Every structure is written in C-alpha cells, then in structure tokens.
1. If you go through the range 169-200 one residue at a time, how many are part of a helix (DSSP H, G or I), surrounded by fewer than 16 Cβ atoms within 10 Å (Cβ to Cβ) and of a type in the set (Ser, Thr, Tyr)?
2. Every residue in the range 205-225 that is charged (D, E, K, R) and surrounded by 22 or more Cβ atoms within 10 Å (Cβ to Cβ), please.
3. So which of Lys67, Lys154, Lys159, Lys118 ends up being assigned to a loop (DSSP other than H, G, I, E, B) and either of a type in the set (Lys, Arg) or in contact with a Leu (Cβ under 8 Å, 6 or more places away or on another chain) (or both)?
4. Can you find even one residue in the range 110-117 that is surrounded by 13 or more Cβ atoms within 10 Å (Cβ to Cβ), modelled with pLDDT of 95 or more and touching a Gly at 6+ places or on another chain (Cβ under 6 Å)?
5. Return a yes/no flag: does the range 190-202 have any residue that is on the phi > 0 side of the Ramachandran plot, aromatic (Phe, Trp, Tyr) and in contact (Cβ under 8 Å) with a residue 60 or more places away in the chain.
6. Within the range 131-168, take every residue that is crowded, with 16+ Cβ neighbours inside 10 Å and among the β-branched types (Val, Ile, Thr) and give me the one that is farthest from Val116 (Cα to Cα).
7. Six or more apart or on different chains, Cβ atoms under 7 Å: show the pairs whose first residue is in the range 106-135 and of a type in the set (D, E, K, R) and whose second is surrounded by 20 or more Cβ atoms within 10 Å (Cβ to Cβ).
Amino acid sequence: MIAFAAAVVLVFFAVRGIIIIRNAINVPTVSNDSISYQIRGVDVSSYQGTIDWNTLADQNIAFAYIKATEGSSHVDSKFTANWTNAQSTDLRIGAYHFMSFESSGEAQAANFTGTVTKVHNMLPPVIDVEYYGNYNAVTVNQASVDAILTPLIKAVKSKYGMDPVLYTTPSIYKRFIKNRYDNDIWIADSSFSQPLSGGREWTFCQYSYSGIMKGYSGGVKHIDLDVWNGSKLAFTLY
C-alpha cells in the first residue's frame, strides 16, 4: 500500500483486455469485458498528509481504508485525524494494519485494537500481508506467516466481531494464503485477475498506486485506488 511519486495527469492504458481511464480529479471508470465495478474507493496513510475528507469523498468514491498501525508499536501519524474526520462524510471507512515479521501476532493485535475505535457501519479491519526489507520470498516461509497471522486474525476478530480482510499480492496469496485462510481477500493487482489462484474470488482489488485526486496535501502526489467486487446493495450489507 505504498504510493509512488510519479505524477499522472491523464493516463490511458490497457492490461489483458481491461481498459482503465484515469482522470486527474475523479476516480476512473473501471471495467473489464463483463464487469463494471460500481463501488470504488481509496486507501490512505500519512503519505497523503492532511486530508480534506469532504473534498475527497465528493469524487465518486464510496469507501476509504485508513492506515492505523504497523507492527507492535507504530501508529500512523495521521490515523487519529483521518479516522475522526472521515466519519463526517458519507464514506464507509475501515482501518488497516501492516503486519510485521518482527513481533508476535498478539502484540500486533494489541497495537491495532488499542488504536482503532469501532464506529458505526465500519468496514471489516484489514491485515496487510506483504514482503518488506529483508523479509522476502527467500526468508519468509509458511510457518513464519502462520505464527503471526493466525493469532492476529483471532484477536482482531474477537475485538470487532468481524473476520478481518487480508490484503496481499497474487504471489503471496498463492504461496501462503489460499490453502490456509478463508478470509476475504483484498488483492493488489492492476490486471483485476479473477478468480484468484485456486478459484476463489477477491472482495477488494487495489488496481492502482498512482491515482491523483483532490483533497490531500502530502509530499506524495498519488493515492491508491480500489474497487469492491459486487453490487451496490451487497456493499451496503457488507
């Protein structure tokens, strides 16, 4: 969930038959040959700086995921302001935790649950599972993932009464998630590949790291763009 720093004003590109039209202000129309994704959203962190949530919400989006915590002690510097101010809009909001391989799942759950106050109609919490630093495809194995992720999922579900969604990449999903965890999946995949390896469908897709919208003032010009895999009615019930 890292925004890249290349400015994009108007980009047209096609990936595997999927056409994305990116507008410098509004979230793009997103569709493939058979599906038009009606429910669009963003995910944000301190990289976006101070956010004018009313401006951001008024740009054809329905939801926003907000970074809350990372590991056992880090709290995103903008989380409190974002969590509070986003509630003044009509957006559905959720919070996410970046999973560390350097502390226990129990300690990380305590950091997240101690930071994120449950609010009305919030989206399920998200656990972000990805490689970073020296933790890569060579150094990470199934046992190291399970030792942290399993208790983290259990504690987060116990606190909020909702199964957390797992955010990850196609390669990590295929290697560590698909045969072990039945949580809803938020996949980072610009190709919108559906279904996932093993036949399951994703629930959310982060299809771009380089959206540009109005309403934030951080050093990073871009914002992550996402879609929900389902109807507007299904989204209201999620």
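1. Total meeting the criteria: 1.
2. Taking the range 205-225 as the starting set, the residues that turn out to be charged (D, E, K, R) are 214, 221, 224.
Of everything in the range 205-225, just one residue is charged (D, E, K, R) and surrounded by 22 or more Cβ atoms within 10 Å (Cβ to Cβ), namely Asp224.
3. The match here is Lys118.
4. Looking through the range 110-117, none of the residues is surrounded by 13 or more Cβ atoms within 10 Å (Cβ to Cβ), modelled with pLDDT of 95 or more and touching a Gly at 6+ places or on another chain (Cβ under 6 Å).
5. yes
6. Val140
7. Close Cβ pairs satisfying both conditions: Asp128/Met1; Asp128/Tyr96; Asp128/His97; Asp128/Phe98; Asp128/Met99; Asp128/Tyr167; Glu130/Thr168; Glu130/Ile172.
Residue-wise test of (1) at pLDDT 95 or above; (2) within 14 Å of Gln38 (Cα to Cα).
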{"position": "Pro195", "(1), (2)": "no, no"}
{"position": "Trp202", "(1), (2)": "yes, no"}
{"position": "Tyr216", "(1), (2)": "yes, no"}
{"position": "Ile223", "(1), (2)": "yes, no"}
{"position": "Val227", "(1), (2)": "yes, yes"}
{"position": "Leu233", "(1), (2)": "no, yes"}
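The values are calculated or read from the model by the stated rules, or taken from the named source; none is laboratory data. In this text the structure is predicted, and so the values were computed from the model without any measurement. Cβ: placed from backbone, ideal geometry, glycine included. Neighbour counts: every protein chain shown.
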